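Asks: This structure is in structure tokens; I'll ask about it shortly.
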Amino acid sequence: VDSILDGLNWLGIHYDGKLIYQSQQKKSHLKIVDNLLDRGLAYKCFHTEEEIKRDINKKFKSEWRNKNNSDKNLPYCIRIKSPESGTIKIDDVVQGLVEVECKEIDDYVIVRTDGTPTFLLSSAVDDFSMRVTDIIRGDDHLTNSFRQKLIFDFIQFKPNYCHIPLIHNELNQKLSKRD
């Protein structure tokens with residue numbers, strides 16, 4: 001934590017003194033999930049890992065997507081209900097308008113079977129909660145942005161996107177925020 005704060009200070013970026021740990025925000029993440037479930041924008045999926053692995057080379061399609069499954073007493077994960085048609089558009093500050101067909105985005109897991117939110121959900125809800133205005137990422141995360149944009153659209157949050165080219169070190173390895 002001190003190293004991150006030192007780096008931000010070195011860059012002249014100051015914070016309000018309140019550190020937020022994603023792991024401590026589970027309640028707010030799951031509150032959004034409850035809302036998505038209530039609105040039919042997410043669903044409980046009761047497939048076993050074995051059933052999912054069987055279709056490993058195909059885009060997984062859950063049989064539970066359009067079923068009322070609230071009476072099931074089995075383990076389940078929660079999946080986002082991605083639109084089946086149309087396009088998802090991101091007006092990127094660097095790359096301009098970038099689009100992907102909805103059929104390319106699967107119904108990805110937002111809450112694991114053990115009840116923990118996934119990073120895609122948690123980071124999107126945290127950005128929303130903290131009123132993040134600009135999301136700046138390497139362009140290798142554009143796919144994640146399309147997935148998270150679905151969550152942002154569902155919760156009516158419209159941050160700016162900026163996907164920058166990757167920066168490499170002298171060994172041609174991509175630099176991460178940890179570097």
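Asks: Of the cross-linked pairs LYS81/LYS103; LYS31/LYS53; LYS18/LYS149; LYS26/LYS53, which ones have a Cα-Cα span greater than 21 Å in the structure shown? Walk me through the numbers before you get to the answer.
Replies: Details: LYS81/LYS103 12 Å; LYS31/LYS53 29 Å; LYS18/LYS149 26 Å; LYS26/LYS53 28 Å.
Too far apart for the 21 Å limit: LYS31/LYS53; LYS18/LYS149; LYS26/LYS53.
Asks: I want to check the label-to-label distance for GLU63 and ASN169. Put each point 7 Å from Cα in the C-beta direction and report it in nm to one decimal.
Replies: Reported label-point gap for GLU63 and ASN169 is 4.9 nm.
Asks: While we're looking at this one, here's another question. Estimate the FRET efficiency between GLU49 and ASP6 by the formula 1/(1 + (r/R0)^6), using the beta-carbon distance for r and 35 Å for R0, to the nearest 0.05.
Replies: Efficiency for this residue pair is about 0.25.
Asks: As a test of the definition: which semi-axes, in Å, follow for the stretch 103-152 when you take the square root of five times each eigenvalue of its alpha carbon gyration tensor? Largest first, please.
Replies: Output for the stretch 103-152: semi-axes of 18, 16, 9 Å.
Asks: So what's the chain giving for Rg/Rh, alpha carbon basis, Kirkwood Rh from the mean inverse pair distance? Before the final figure, lay out each step's value.
Replies: Details: Rg = 18.2 Å, Rh = 18.3 Å.
Rg divided by Rh gives 1.00.
Asks: Ignoring the sites themselves, what is the longest stretch of the chain with no GluC sites (Glu not before Pro) in a DSSP loop and at most 13 other beta-carbon atoms within 10 Å?
Replies: For GluC sites (Glu not before Pro) (loop position, at most 13 other Cβ atoms within 10 Å), the longest site-free span of the chain is 85-169.
Asks: Spin-label point model (7 Å from Cα, Cβ direction): what's the LEU19 to ASN160 distance in nm?
Replies: Once both label points are built, they end up 2.9 nm from each other.
Asks: Per residue, how big is the convex hull around the C-alpha atoms of the stretch 63-130? Give it to me in cubic angstrom, could you? Please report the intermediate quantities before stating the final value.
Replies: Numbers: hull volume 8.3 nm³, N = 68.
That works out to 122 Å³ per residue.
Asks: Same structure again: Semi-axes, largest first, in whole Å: what does sqrt of 5 times each Cα gyration tensor eigenvalue give for the stretch 74-179? Before the final figure, lay out the partial values.
Replies: Values: eigenvalues 122, 66, 42 Å².
Calculated on Cα positions only, the semi-axes equal 25, 18, 14 Å.
Asks: Additional query: Under 20 Å Cα-Cα from LYS61, which aspartates and glutamates qualify once same-chain neighbours fewer than 8 residues away are excluded?
Replies: In chain and number order, the partners are GLU49, GLU50, GLU51, GLU84, GLU101, GLU104, ASP106, ASP107.
Asks: Return the aspartates and glutamates within reach of LYS174: Cα separation strictly under 15 angstrom, same-chain partners fewer than 8 residues apart disregarded; answer none if there are no such residues.
Replies: Partners found: ASP139, ASP140.
Values in this text are rule-based calculations from the coordinates and carry no lab data. Just so you know, these numbers come straight off a predicted model, no measurement behind them. Virtual Cβ from ideal backbone geometry, glycine too; neighbours counted across all protein chains shown.
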